[in-house]
Amino acid sequence: MDERLTLDWRSFLLRPEPRESQPSRPRNSRSRLEGYEPRAQFRPRPEGTMTAGSGLLALEAAKAAAEQGPELFRRYHQRLFSAQFHESLDIGNLAELAALAEQEGLDPRPITAALSDHRYRPAVMTEYQEALRFGIQAIPTVLFVDATAAGPAKAVPVVGAVETDIYRQAIAYLEKLVVEESLSD
């Protein structure tokens, strides 16, 4: 990744209220997404497989994993995506989240403890509210922000699963805005 770019993952819930896992329904959207980015390995969830009723517990687990270091967080975060979109695992299940943590070399005990007392829920909900203030209503949403701006930060949103070229165009557009601003100073 370009050293001028930093990646800052934030929590966003499509369904903010905790809900029980439920059997999946057939959907065609995942095969469309795989067409955009074949490396993403989206697979249709087999009908009737249990699916998380809300991503709340998984987002809390990711916050807890971050306490064990950035590399372990990165691996666990990627593992959660793979579990959800490639393996059709129930990432709303506490035991599943602990097992995934252990598979990635994390100590599952602090994660299980954090999920039991929901200590990271306020942080997840704060980030969710922040996303709503930005007008974010879908996942994924990538917000390219000029963090060097002296005044209000410039931001270019990319909403939804899109071709890689769209991300490149957003970065180029933000770079253009930054250059234009520096020339007008």
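We did not get these values from a lab; they are worked out from the coordinates using the rules stated. A quick note: this is a predicted structure, and the numbers were derived from the prediction, not measured. Glycine gets a Cβ as well: all are built from the backbone with ideal geometry, and neighbour counts include every protein chain shown.
Data for the structure
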| read-out | value |
| --- | --- |
| Packing rank of 109-115, 86-92, 161-167, where each peptide gets the mean count of other beta carbons within 10 Å, highest leading | 86-92, 109-115, 161-167 |
| Summed residue charge, Cβ within 14 Å of ILE111's Cβ, Lys/Arg positive, Asp/Glu negative | -1 |
